[in-house]
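FYI, it's all coordinate maths here, none of it is from the lab. Keep in mind the model is a prediction, meaning the values are calculated, not measured. Ideal geometry is used to build each Cβ from the backbone, glycine not excepted, and the neighbour counts take in all protein chains shown.
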Amino acid sequence: MALTPAICTQCGDNISVDSTKEAGVCPSCGTAFITEKVINNYTNQHIDQRTIVKNIYGAEKDEAEDYIKRAEVFLTIGDYAKAKAQYQAATDNFPANWLGWFGLIKAQTKNLKDFKDCVHHKYLLNALAVASSDDKLKIKELYKDFISDYEKGVSVLQEQITSALNINSKIESIKNSIKNGEAEIEESKRKKDALGMFKGKQKKEFEILIEENERKIETNQAKITELSAELNDELFEFGVCYHTCEGRMGAMNEAFDIPKVQIKEAMLQHGLAKFYAEEHEDAKKAVSWYKKAAEQGYAAAECELGRYYEHGSGGLAKDVAKAVGYYVSSAQKGDANGQRIMGNCCTNGFGVAKDPVKAFSYYLKAAQQGNTSAQASVGTAYHHGAGVGIDYYNAARWYKLAAQKGNAMAQLNLGVLYEKGLGGVGINKKMAVELYTQAANQGDKIAQYNLGVCYWNGRGIAVNQGLGVEWMRKAARQNDKDAQEWLRGKGQGW
């Protein structure tokens, strides 16, 4: 049992106490004491007396051991700030003494109990730089628990890597099945159209085949959604584990000759980039990982890098040409987000000429991969004839896919089709109101306007003019001109 010097707060005698216990009894006067208080009493008097001697005689000069001993007393009582000050004085005056540098590590990590930050890394390198071979072994022994935890973390990390890669492989396999299904649909449509006006039975067979493939595609897209959520969870845990292992280990890999974990797979690099962007809001670190993945031609990383160039963030200067270049490359490699963004670029003329036909092509490719926003955009294109002929049946089909996943624009427009009975859905004003409500609750001002009209007129729902005005006001407050004009006509404000 290690004893710590102390001075009784009652009788003033020098005593030795067990610092692991909260209290004890003075052997001189028999008075109970609080361990921390008697140790503090000794520390304060001891340091003050030495200071007085030095000031009076000027003959005594602190050696490294003096600073270190005082620091160790402060460590014992948990005063890490004062301990750090003493160790710092030791390293300032005796930089070749490794115990001073190592003491700074102890002060920074609460006596080697808390390694949550990386500040102590620089002290470790300084300690190792001046330590003898035998002392280096001592340092490594003191770090053995930390190194063991790191090695366990690396083992978990490798398991997470394997799991993430397996999930991603399943997703890619399903994506290929979807592509094959879409190709079969197009081929069936071509053969059906080639039959001409007659041969109704054969046409029906192709229609059945088309419907079967559409159902398979919907099922596969649902599987992708489920697996993607699972992959995102796995990548998040991977990011946490990587950050814990590498972030804390830092310079100690080099110090103890422990190989760093190398993340070479582009998909995992992209996952780390998302982790740092979303969980740590560290745009610069995110960009560094996106660049690594993009250099390997990883389409999703190229798309994200394009966003940073578009907005001039993450330490990158704004550059529309580079942004669009990354979007194009991403889209050409089949990334759904890249394809959707290129659809937007071609629609709005961002960095490229406006081209509704190209826009539709990009949207369709992304939609076929299950991209919700792109599915809504494809529905809109068919609905209004943007880059493709008007086709209410296909508009309804794509709107349904996106609406089921909560896309407000698709819910609104599908509601319009139900209200008008277009696209083979039949007039169903009640369903239209349900869809308007879903979109309106997400803040879509046009849906709020439509819902207001439905309540006011009792279209698909019982008349409720109070709710009608309420929904109109919500739309008007979002600067919807039609809603504002409607309210003025009813003598209502907003």
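If the Kirkwood radius is taken over C-alpha pairs of region 141-183, then at 37 °C and 0.692 mPa s the Stokes-Einstein diffusion coefficient equals 253 µm²/s. Put the Cα centre of region 452-485 next to the Cα centre of region 341-364 and the gap is 34 Å.
If neighbour count is taken as other Cβ atoms inside 10 Å, put Leu231, Leu305 in order from fewest to most.
Details: Leu231 22, Leu305 28.
Ordered from fewest to most neighbouring Cβ atoms within 10 Å, Leu231, Leu305 come out as Leu231, Leu305.
By the rule of a C-alpha distance below 29 Å, with chain neighbours fewer than 8 residues away ignored, the lysines paired with Lys201 are Lys179, Lys189, Lys191, Lys192, Lys216, Lys400. Compute the angle between helix 266-278 and the longest alpha-carbon principal axis of the chain, please, reported from 0 to 90 degrees and rounded to the nearest 10. Approximately 80 degrees, to the nearest 10. The fewest-to-most ranking of Phe360, Phe94 by surrounding Cβ atoms within 10 Å reads Phe94, Phe360. Using all C-alpha to C-alpha distances in the chain, build P(r) with 20 Å bins and read off the rounded percent in each one. Over the chain, the share of Cα pairs per 20 Å bin runs 17, 33, 24, 18, 8, 1 percent. Between helix 98-108 and the chain, what is the angle of the helix's C-alpha long axis to the longest principal axis, kept within 0 to 90° and rounded to the nearest 10? Helix 98-108 sits roughly 50 degrees off the main axis of the chain.
Phi angles of region 442-459 translate, via the Karplus equation with coefficients 6.51, -1.76, 1.60 and θ = phi - 60°, into HN-Hα couplings of 8, x, 6, 5, 5, 5, 5, 4, 4, 5, x, 5, 4, 5, 5, 9, x, 9 Hz per residue; Gly and Pro are given as x.
Against the chain, whose longest principal axis is taken from its Cα atoms, helix 200-249 shows a tilt of about 10°. Straight-line reach from Lys490: taking Cα to Cα under 17 Å and skipping same-chain neighbours fewer than 8 places apart, the lysines in range are Lys474, Lys481.
Across region 202-309, the mean sequence separation of Cα contacts (distance under 8 Å, 6 or more residues apart), normalised by length, yields a relative contact order of 18 percent. Using only side-chain charges placed at the Cβ, +1 for Lys and Arg and -1 for Asp and Glu, the dipole size of region 159-250 relative to its Cα centre rounds to 700 debye.
Once C-alpha pairs closer than 8 Å and six or more residues apart are averaged by separation and normalised to the residue number of the chain, the relative contact order reads 5 percent. Over 22 Å apart at the Cα level, from the set Lys204/Lys365; Lys292/Lys318; Lys170/Lys285, are Lys204/Lys365; Lys170/Lys285.
Rounded to a whole number, what is D in µm²/s for region 390-494 from Stokes-Einstein with the Kirkwood radius over alpha-carbon pairs (10 °C, 1.306 mPa s)? Can you show the working numbers first?
Values: Rh = 13.6 Å.
The calculation lands on 117 µm²/s.
All Cα-Cα distances of region 74-215, cut into 5 Å bins from zero to the largest, leave 2, 9, 12, 11, 9, 6, 5, 4, 4, 4, 4, 4, 4, 5, 5, 5, 4, 3, 2, 0, 0 percent in each bin in turn. Spatially, region 302-336 and region 416-434 are offset by 39 Å when compared through their Cα centroids. Building the convex hull from the alpha-carbon atoms of region 62-142 and averaging its projection over directions returns 4.8 nm².
Can I get the semi-axes of region 159-250's equivalent ellipsoid? Compute them from the C-alpha gyration tensor as square roots of 5 times the eigenvalues, in angstrom, largest first. All intermediate terms of the calculation are to be shown ahead of the outcome.
Numbers: eigenvalues 418, 18, 11 Å².
Gyration-tensor ellipsoid for region 159-250: 46, 10, 7 Å.
With +1 assigned to the C-beta of every Lys and Arg and -1 to the C-beta of every Asp and Glu, and no other charges, what is the dipole magnitude of region 62-142 about the Cα centre in debye, to the nearest 20? With Lys and Arg at +1 and Asp and Glu at -1, about 380 debye. Placing unit charges on the Cβ atoms of the charged side chains and taking the dipole of the chain about its Cα centre, the candidate lying farthest along the positive direction among Ala300, Gly489, Ala229 is Gly489. Panel order for Met431, Met409, Met342, by other beta carbons found within 10 Å of each beta carbon, from fewest to most: Met431, Met409, Met342.
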